[in-house]
Ligand SMILES: Nc1ncnc2c1ncn2[C@@H]1O[C@H](COP(=O)(O)OP(=O)(O)OP(=O)(O)O)[C@@H](O)[C@H]1O
Ligand SMILES: [Mg+2]
């Protein structure tokens, strides 16, 4: 029986590095369904917030809590980095790897990996080593690998930053499909159009602080802060 790991609660969470506050204090509750888009200028703390939620950062202050047992909390979430970390394996084994770790036979895991590669539109020789893939192909591979265990929560840090329009559209289609199948998605982007297309709700960060959060429609209809207004309008901040 798989029990849910959501909600995730952040209570006055702060990240400090080298004596400097880089995130927080952030109070937020991740729950329900849908796609949450994290926006904000360079250095606002988007990557730090995602890494923190995924458990990759040791928080300096506050409390962060998932529901459930530690092994479930790890197993039921996945992270797609802005630049995928490459393993020295073939594409298919790289995608299949989480299932191999789960104890599936290599044959079963590879079959599932083929299906997942197809789902994300990865049209490469699956037996090739991963280092021959282009940037966009690597990102699709990373997405296939992240989705192969149908995670309850998926974090993505600017997954389309280096992709062309076609690949971006494909990734967006995959993400909305995963959302519709019940995966809770939290993703950062600088692409305002992408936020409008994908978001159910928006988190807007500025200088490490969560200064706006709410539904997409409310956010785009009338961002409450000059920082968010400037960001949406593409203005240069002072
Ligand atoms: N390990 C670290 N040590 C010191 N400072 C850090 C560390 N990691 C991040 N920072 C700083 O924290 C701030 C937030 O960084 P973060 O990468 O979260 O921003 P971001 O919103 O993702 O920016 P971008 O849009 O450029 O990706 C930045 O000022 C960054 O320099
Ligand atoms: Mg970042």
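Side notes on the structure shown:
- Condition check for residue 203 on (1) buried (at least 20 other Cβ atoms within 10 Å of the Cβ); (2) over 27 Å from residue 5 (Cα atoms): one failure, at (2).
- Yes/no for residue 59 being assigned by TED's automatic domain parsing to the domain that holds residue 172, in contact with a helix residue (DSSP H, G or I) (Cβ under 9 Å, 6 or more places away or on another chain) and either in a strand (DSSP E or B) or more than 16 Å from ligand 2 (Cβ to nearest atom) (or both): yes
- When residue 48 is tested against (1) under 15 Å from the mean Cα position of the chain (by Cα); (2) surrounded by fewer than 17 Cβ atoms within 10 Å (Cβ to Cβ); (3) assigned to a helix (DSSP H, G or I), only condition (2) is not met.
- Beta carbons closer than 9 Å, at least 6 apart along the sequence or on distinct chains, pair a first residue in the range 102-122 that is touching a residue at least 40 places away in the same chain (Cβ under 8 Å) with a second that is assigned to a loop (DSSP other than H, G, I, E, B) and surrounded by 15 or more Cβ atoms within 10 Å (Cβ to Cβ) for 102/149.
- Applying the criterion of at least 2 residues that are under 23 Å from residue 79 (Cα atoms) to the helices (runs of 4 or more DSSP H) found wholly in the range 181-234 leaves 192-198.
- Residue satisfying all of: in the range 54-80; over 26 Å from residue 113 (Cα atoms) and within 12 Å of ligand 1 (Cβ to nearest atom); surrounded by the fewest Cβ atoms within 10 Å (Cβ to Cβ) among these: 58
- Count of the range 174-211 residues, restricted to those that are free of Cβ contacts under 8 Å to residues at least 40 places away in the same chain and over 15 Å from the mean Cα position of the chain (by Cα), is 6.
- In summary, residue 83 fulfils each of the numbered conditions (1) surrounded by fewer than 16 Cβ atoms within 10 Å (Cβ to Cβ); (2) at pLDDT 95 or above; (3) within 16 Å of ligand 2 (Cβ to nearest atom); (4) more than 24 Å from residue 200 (Cα to Cα) with the single exception of condition (2).
The values are calculated or read from the model by the stated rules, or taken from the named source; none is laboratory data. Just so we're clear, the structure is a prediction, and the values are computed from it rather than from any experiment. A quick note on method: Cβ atoms are made from the backbone with ideal geometry, for glycine too, and the neighbour counts reach across all protein chains shown.
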